[in-house]
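J.: Sharing a structure below in structure tokens format, with a few things to ask.
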Amino acid sequence: MASMQDCITDCLDCHSVCLSTILHCLHKGGEHAAPDHIRLMQDCAQICIASADFMLRSSPVHQMTCRICAGVCEMCAEDCTRLADDETMVLCATCRRCAQS
């Protein structure tokens, strides 16, 4: 099982990857820029940063945000895997690491 610090790092990394991938997808266009795909990556970035914040503050309810975060990260990884036609999209699929931690 990952340590709390590993989980925080994974959340911060996933947040960063999602934000940079959003820009990539918008420039790429087509189904990469589909509103549902972009919204999912935004949701993933937002829940990751919130979960990291809850853990950094040692919030007694961090497990609730982490459960939601894991689900959203898994959904995002699946969606990015579906569109994994270049290096950036493959990197986005690593949201799964955050979900697993």
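Just so it is clear, none of the values below were taken in a lab; they were calculated from the coordinates. Note that the coordinates shown come from a computational prediction; the quantities given were computed from them, not determined experimentally. Don't worry about glycine lacking a Cβ; one is built from the backbone with ideal geometry, like all the others, and counts go over all protein chains shown.
J.: Ser58 versus Ser16, label points 7 Å from Cα toward the beta carbon: distance in nm?
T.: With each label placed 7 Å out from Cα toward Cβ, I get 2.6 nm.
J.: Enter the angle in degrees (range 0 to 90, nearest 10) between the Cα long axis of helix 4-28 and the first principal axis of the Cα atoms of the chain, meaning the one along which they spread out most.
T.: 20 degrees
J.: Compare the peptides 42-51, 4-13, 65-74 by average per-residue count of other Cβ atoms within 10 angstrom and give them in order, highest first.
T.: Output ranking for 42-51, 4-13, 65-74: 42-51, 65-74, 4-13.
J.: Something else about it: What FRET efficiency comes out for Thr94 versus Leu23 if R0 is 22 angstrom and r is the Cβ-Cβ distance? Round to the nearest 0.05.
T.: Efficiency, rounded to the nearest 0.05: 0.85.
J.: Using only Cα atoms and rounding to the nearest 10 degrees, what angle (0 to 90) does helix 62-82 make with the longest principal axis of the chain?
T.: On a 0 to 90 degree scale, this one is about 20.
J.: While we're on this one: Return, for the Cα atoms of the chain, the radius of gyration and Dmax in Å, separated by a comma.
T.: Considering the chain through its Cα atoms, Rg and Dmax are 13.1, 42 Å.
J.: Work out the length of the dipole vector of the chain about its Cα centre, built from +1 on the beta-carbon of each Lys and Arg and -1 on the beta-carbon of each Asp and Glu, and round it to the nearest 20 debye.
T.: Dipole size: approximately 260 debye.
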